[in-house]
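The values are calculated or read from the model by the stated rules, or taken from the named source; none is laboratory data. It should be emphasised that the depicted structure is a prediction, and the values quoted were computed from it without experimental measurement. Here Cβ is always computed from backbone atoms with ideal geometry, including for glycine, and neighbour counts include all displayed protein chains. The accessibility values were calculated without ligands, DNA or RNA, using every heavy atom of the protein model including side chains. Shrake-Rupley method; radii C 1.70, N 1.55, O 1.52, S 1.80 Å.
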Amino acid sequence: MARETGSQISAFFQDIMHDLYSSLYLAIGGDLEEESRDWASRGVELASTTIKIIILLMIVGSFYWLLTYITKRYKDRLKLSDRRLGIIRSVLRYIWVVSCVLAVMSQINIEPATVSATAKASIWAGIYYVLWTSSEQVISRVLKHYGLNASIEQLLKNVFSVLIVVLGLASVMAQFGFDIVSLVAGLGILGLAVGFAAQSTIANFISGITILLEQSFKVGDWISIGDNEGRVILISLRTTRILTRDNITVIIPNATVASSEVTNLTSKNFIRFDIRARIALEADVEQARQVIMQVLDETENVLKRPEPSATVDHISDFGTVFIIRYWVKPAAVARMPVLKETLQEKIKAGFEKEGINIPYPHMRLLMPSDTKAADIERSLQPNPVHSQIEADN
């Protein structure tokens with residue numbers, strides 16, 4: 001029993017060694033159908049092929065080194081910037097790598113059709129790589145010419161990058177015999193199914209593109225959307241993020257933003273706000289106006305041009321009400337509550353300093369001056385006769 005087990009193990013290892021032997025012979029160019037293994041001739045062929053490959057790689061490397069040296073040496077004469085020099089060196093490096101691969105493939109008995117397809121695919125890949133590297137600069141120049149913001153620039157860069165990558169892959173795969181039409185049709189059906197499953201995401205995506213193209217607001221603007229008010233810190237393809245005065249980040253879906261009323265407080269060079277102040281009816285209106293204008297003139301964030309104003313809004317039961325209008329820069333919008341509170345405190349202090357009364361709701365009874373106090377007290381007391389009649393009833 002033990003002898004039989006030992007023979008089985010020996011046969012197992014012999015099979016492994018035979019497979020390794022055959023695989024190695026195939027690797028050096030041999031054929032398993034040969035009656036005998038001619039290792040010597042195969043070794044000579046392998047050495048010859050290796051020498052040819054080394055010579056080809058040396059030739060290709062020499063050309064690569066020569067071209068790189070020329071571009072670096074004559075950089076100033078050719079008026080090449082650092083960015084253009086980097087692109088040229090990247091292209092030369094790519095050509096060098098592709099040439100080395102093709103040289104190796106041509107010497108290891110690979111089908112000529114495969115080598116040709118690889119060469120064509122490499123050319124297409126190189127063309128799309130150049131387009132991909134230069135698209136960013138072209139898009140930046142176009143957007144700068146038309147004055148579009150950075151958010152649209154990033155969107156277009158992402159879209160063009162995806163298109164270039166997809167077209168590049170399709171062109172490369174087409175050189176190896178893939179049916180691109182069927183692949184695109186399959187991706188279209190898959191995209192349709194995904195679209196039905198993610199309708200809200202697609203709606204937010206389309207709304208994000210609309211927001212970026214319309215430029216109703218941009219990053220850095222102070223906007224109000226519904227109950228949320230703050231500075232825009234990010235406009236992505238799915239959401240818009242604003243930072244409130246309380247340092248809270250609010251993330252709003254773009255579909256909600258597109259369907260809501262949006263107030264952009266910083267779209268112009270300056271913004272007007274107003275507060276109200278009340279003085280007594282008997283107080284001097286012109287004196288109160290001078291106090292208010294002095295406070296506005298001494299406040300740092302209030303602009304001198306356009307000029308602020310302080311006019312009588314209306315006269316109420318308890319005093320004369322001023323409406324105070326003033327202008328500020330967009331940078332001061334975030335501190336607007338503090339600015340309003342400071343103005344109200346300074347105006348109140350100015351009124352008190354000038355002796356201008358600030359009224360409050362109260363009631364005052366006016367009596368005739370010739371009426372005696374006793375008569376007044378008697379008139380306020382109940383009539384005893386009327387009280388007796390009410391008691392009898």
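The table below gives the values:
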quantity: Relative contact order [Cα under 8 Å, 6+ residues apart], the range 203-307, whole percent; calculated: 22
quantity: Neighbour cut-off at most 15 other Cβ (10 Å), DSSP loop, trypsin sites (Lys or Arg not before Pro), the range 235-325; calculated: R245, K268, K304
quantity: Net charge, N228 excluded, C-beta distance under 15 Å - Lys, Arg +1, Asp, Glu -1; calculated: -2
quantity: Estimated Rh, the range 271-354: Kirkwood, alpha-carbon pairs, angstrom; calculated: 13.1
quantity: Environment charge of Y360, counting only residues whose C-beta is closer than 12 Å and scoring Lys/Arg +1, Asp/Glu -1; calculated: 0
quantity: Net length gained if the chain between D274 and K348 were fully extended (0.36 nm per residue, minus Cα distance); calculated: 25.1 nm
quantity: L85, L67, ranked by accessible area, largest first (probe 1.4 Å); calculated: L67, L85
quantity: Accessible surface, the range 271-354, averaged per residue in Å² (probe 1.4 Å); calculated: 57
quantity: Y129 accessible area, 1.4 Å probe, all protein chains in place, Å² to nearest 10; calculated: 90
quantity: Phi to ³J(HN,Hα) by Karplus 6.51 cos²θ - 1.76 cosθ + 1.60 over the range 230-236, Hz, x for Gly, Pro; calculated: x, 8, 6, 10, 7, 10, 9
quantity: Coordinate range along principal axes, alpha carbons of the range 40-178, Å, largest first; calculated: 72, 44, 16
quantity: Separation of the V130 and R84 label points, Cα + 7 Å toward Cβ, nm; calculated: 1.4
quantity: Accessible area of the range 40-178 divided out per residue, in Å², using a probe of 1.4 angstrom; calculated: 68
